[in-house]
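Report on one structure; see the data block that follows.
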Amino acid sequence: MTKQSIFRLTVAGFFLFTVLPGFSQLTNTLYFMKGVPQVYQVNPAFQPGCKFFIGLPGLSPLQVRVQNQPLVLNDILYYNNEEGKLITFMHPLGDKEAFLNALNKRNYLNADVGVPIASFGFGNPSDGRFFAFDITQRILTNVSYPKDLFTLPIYGPDSAMNFDFSGLGVNAMSYTELGMNYSQKIGDMITVGVRGKILVGQANLSFSKFDVSLATGEESWLVNSDVQIDATLPFLDVKYDEDGMIDFENTDIIADIEKKIPQLVFNPKNVGLALDFGVDVKPMDWLQVSASVIDFGSIRWKDEVYNLSNQAEYDFNKGFEVSINEDAANPLETLVDSLTESFKFSSTNQAYRTWLPTKLYLGASFYVHPKISFGVLSRTEFYKKDLRQQFTLSANLYPIRMISTSFSYSIIEGSYKNLGLGLALKAFPFNFYILTDTGPSAYFWPTEANYVNLRIGMNLMFGCKQKKGVKYDLPLVN
């Protein structure tokens, strides 16, 4: 495999994972915020409190999340007193054992972004109904990597060691989400809501199976591989060799990619459906309980589909002869060529389905005063065989109708230093808000942060007058 082909595939991967905007996680702090029109996205039963709102494109809201679980910066880069400078764990004086101990058997690296295209809603306070519509371009990325991926290069192959790389995987999808939300008040205590979503997929990469192991010895290295990958790659011109295997050497990004842009934006062949539903109950003035299920759905991929598979066993003889002759083959290139020849991927073109990460929210708010509340939230995410848990405590203050604030503390998948902040401002008719579950903690403990998210929104809101006879002036409540 030449440097040029590696570069081409790298660019293709970069395009899939970073250029296409897309899916992101909702901030937990949003769940208890007043004065945020898009609050229905975390629970369809929540109503914004105004007759009409319209979100500004690109800022209604803009969402970003970065997560490296469980590694933090301190595990990779730290100050060494002997050297008097920052060093990495790979430095001769670095602590490689501490780095390996910080890793789990399976680790994660995620970077997600969401960009809104349109968002608006309207309702009639007299009958308790509210409708909301939005279009969002999303991407979901999830990279998992096993501990042994670092054990091998750090310690090298011992005379009798087994390395398991089965935790390695990439799951990424880019799609457009078209959502419609409807909520209805039932009496004075209960509000229910449902949000239907049409999902239009553009690109996907999904590792459905990755069982790879390496057994090392003094005489040989034995590699076993059983890999299955599903992909939808409309921007690649895939080539095949005479055996029907994918020829990575000649696979390239299509030359007229601009002709593919309409397909990337809207491809009716890759369509899915998702559903959100929620309930909000206020049995007493001081208590509010709620629950919601978000992103229960999937996308069926049918266009530009490749089902890649590889089953192989390869035995590398002990070492490679290294020659000082400039014309001699580089041993690393010899190894790469051997791997390329032995681990070829066959391909079919069968449709497949990928599921969204489904979230379950359970929340409760306790009002010690109409303008002061405390919230408790449990967030559980189900994605493939993984279950990820987060808990959030929040203190919420609504001093005047123009301001809503929230201060939160979260336990996020075993990480305990997560301080959050939410602020919503309204100066008729403009509404602006900024939310984060980890921003302050990332500022105070930057070398210990492994999770950062941010949500920014800007809207125009109308019909937010206070009800007659209401004793306390709550923020943005009809």
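Read the figures in this text as sums done on the coordinates, not as results from a lab. Computed from a predicted structure; not experimentally measured. Heads up, the Cβs are rebuilt from the backbone with ideal geometry, glycines too, and the neighbour counts pull from every protein chain shown.
The figures follow:
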read-out	value
Long pairs among 34/185; 147/302; 147/385; 105/417; 197/239; 105/239, criterion Cα-Cα beyond 25 Å	147/302; 197/239; 105/239
Relative contact order (percent, whole number), region 156-303, Cα cutoff 8 Å, 6+ residue spacing	25 percent
Spin-label model distance (nm) - residue 242 vs residue 428, 7 Å beyond Cα toward Cβ	8.0 nm
Net lengthening on full extension, residue 369/residue 286 (0.36 nm per residue, minus Cα-Cα)	29.1 nm
Net dipole in debye of region 3-462 [+1 Lys, Arg Cβ; -1 Asp, Glu Cβ; about Cα centre; nearest 20]	3200 debye
Förster-model FRET efficiency, 25 Å R0, residue 462 and residue 117, C-beta, rounded to 0.05	0.75
FRET efficiency for residue 127 and residue 211, using Cβ-Cβ distance with R0 set to 45 Å, rounded to 0.05	0.20
Region 109-121 - phi-based ³J(HN,Hα) in whole Hz, Karplus 6.51/-1.76/1.60, Gly and Pro as x	9, 10, 8, 10, 9, x, 10, x, 9, 7, 7, 7, x
Region 19-110: relative contact order in percent, alpha carbon pairs under 8 Å with at least 6 residues between	23 percent
For region 356-432: rounded, prolate or oblate by the Cα gyration tensor [a/c cutoff 1.5]	prolate
Within region 38-66: backbone nitrogen closer than 18 Å to the residue 275 label point (7 Å, Cα to C-beta)	41-46
HN-Hα J in Hz across region 353-363 - Karplus 6.51, -1.76, 1.60, θ = phi - 60°, x for Gly and Pro	10, 10, 9, 6, x, 7, 10, 10, 10, 10, x
Pairs of Cα atoms farther than 36 Å apart, region 3-462, %	39 percent
FRET E, pair residue 219, residue 96, Förster distance 41 Å, beta-carbon r, rounded to 0.05	0.95
Amide H partners (placed H, <5 Å) of residue 60, local residues excluded	458
Rounded, prolate or oblate (a/c below 1.5 giving rounded, otherwise prolate when a/b exceeds b/c) for region 82-219 by Cα gyration tensor	prolate
Integer Hz, Karplus 6.51/-1.76/1.60 couplings in order for region 65-82, x for Gly and Pro	9, 10, 9, 10, 10, x, 5, 10, 4, 4, 6, 10, 9, 7, 8, 10, 5, 5
